[in-house]
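Please read the structure below before turning to the comments.
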Amino acid sequence: MNPFPVQISPEQAAQELLDYNTKVVQGLQALNNLTEDEIQVGCSEKEEVYREDKLVLYRFKSLVEQPFETPLLIVYALVNRPYMADLQENRSLIRNLLKLGLDVYLIDWGYPGREDRWLTLDDYINGYIDNCVDEVCRRHGLEHINLLGICQGGVFSMCYTALHPEKIKNLVTMVAPVDFHVDGSLLNTWTCGTGPRQMEPDLMVEALGNIPGDFMNFGFLMLKPFQLNLQKYAALANIMHDEAKLTNFLRMEKWIFDSPDQAGEAWRDFIKQFYQGNKLVKGEVQIGGQTVNLKNITQPVLNVYAEQDHLVPPASSMALEDLVGSNDYTAQSFPTGHIGMYVSGKVQRDLPPTIADWLKER
């Protein structure tokens, strides 16, 4: 029996190769015509309202005459840049939330330098986030606001809400890990392996100081080496002739490789407490001498996760339900992957109304 039943004649193979080469040439011409100004990211107008060290707090310009009275503060992860939530006009979670009447603020962590090596999780959560929450409350004359934490920023937001429940009215988490030892996560395996495979954060911080963003990015790409390093670039030839599609692709590439270094001490503590120790689900996380008890989160919680997420498996996010003390808990999944939560057209049609309607009801 022939194990390769599909027959391709030499003429067909030659024609396919010619077509592919033609697409590549056309694509290179289109690429040559693009300028750096055309690969812009972040489409929504915003203003700086607070600055501390490398951090900048932005408020986005409202797109409605009378925005919702309780503002929403977005806390993004440290490992990538937050403009993914506002990548381009037709792929922007933030812009869609603004259209739905929300008053949106965003923390931009900036790029840690060598002088930031000793920043701790306490500095980020009880320091920076708390100061930003206070600033938003002050500007609006409120005692509490709504909080949206994305990915690692979701973990930070859970910890912050558990430690400062009086300052948060509603908590929204998005593609945020909770149980770091669930099966099916290559990232968990890479970080929490045993024996010679185990990551040694103490040794890495002692050797490197801050953890290079390129190291983190390489690790993420190696979780799916064929799909993220070969397949997508092979498929690029099929869209390179289309300037609009090529520009969209390059925006994504710009975000993927725009990876800030990680403040060494905070990174070390995060890996050891959350990944290796899985202390969040055990109620043993220590931040600034305080224990993070998720049962302190009694306000309404909306937990949004991706069904095909290879970085944060659904089971990891779903664990939150049994850990919080809230009687008003809502889980909402979307049939996409981790990155698809930001760029999928279907998700961006359905996700922003899910968040906005849920907040307005409360």
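Counted as qualifying within the stretch 90-178 are the helices (runs of 4 or more DSSP H) with 1 or more residues that are under 17 Å from the mean Cα position of the chain (by Cα), more than 30 Å from Ile211 (Cα to Cα) and among the hydrophobic types (A, V, I, L, M, F, W, C), namely 93-99.
Let's see how each residue does on (1) of a type in the set (A, V, I, L, M); (2) under 14 Å from Val178 (Cα atoms); (3) surrounded by fewer than 19 Cβ atoms within 10 Å (Cβ to Cβ):
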{"residue": "Gln290", "(1), (2), (3)": "no, no, yes"}
{"residue": "Ala315", "(1), (2), (3)": "yes, yes, yes"}
{"residue": "Gly325", "(1), (2), (3)": "no, no, yes"}
{"residue": "Phe334", "(1), (2), (3)": "no, no, no"}
{"residue": "Val347", "(1), (2), (3)": "yes, no, no"}
{"residue": "Ile355", "(1), (2), (3)": "yes, no, no"}
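The numbered conditions (1) at negative phi; (2) modelled with pLDDT of 90 or more; (3) not polar (S, T, N, Q) are all true for Asp86 except (2). For the stretch 72-89, a residue qualifies if it is over 15 Å from the mean Cα position of the chain (by Cα) and surrounded by fewer than 21 Cβ atoms within 10 Å (Cβ to Cβ), and the qualifying residues are Gln88, Glu89. Selection within the stretch 240-288: residues that are closer than 27 Å to Asp116 by Cα and among the aromatic types (Phe, Trp, Tyr). The member of this set that is surrounded by the fewest Cβ atoms within 10 Å (Cβ to Cβ) is Phe257.
The values are calculated or read from the model by the stated rules, or taken from the named source; none is laboratory data. A quick note: this is a predicted structure, and the numbers were derived from the prediction, not measured. Please note: Cβ atoms are built from the backbone with ideal geometry, for glycine as well, and neighbour counts cover all protein chains shown.
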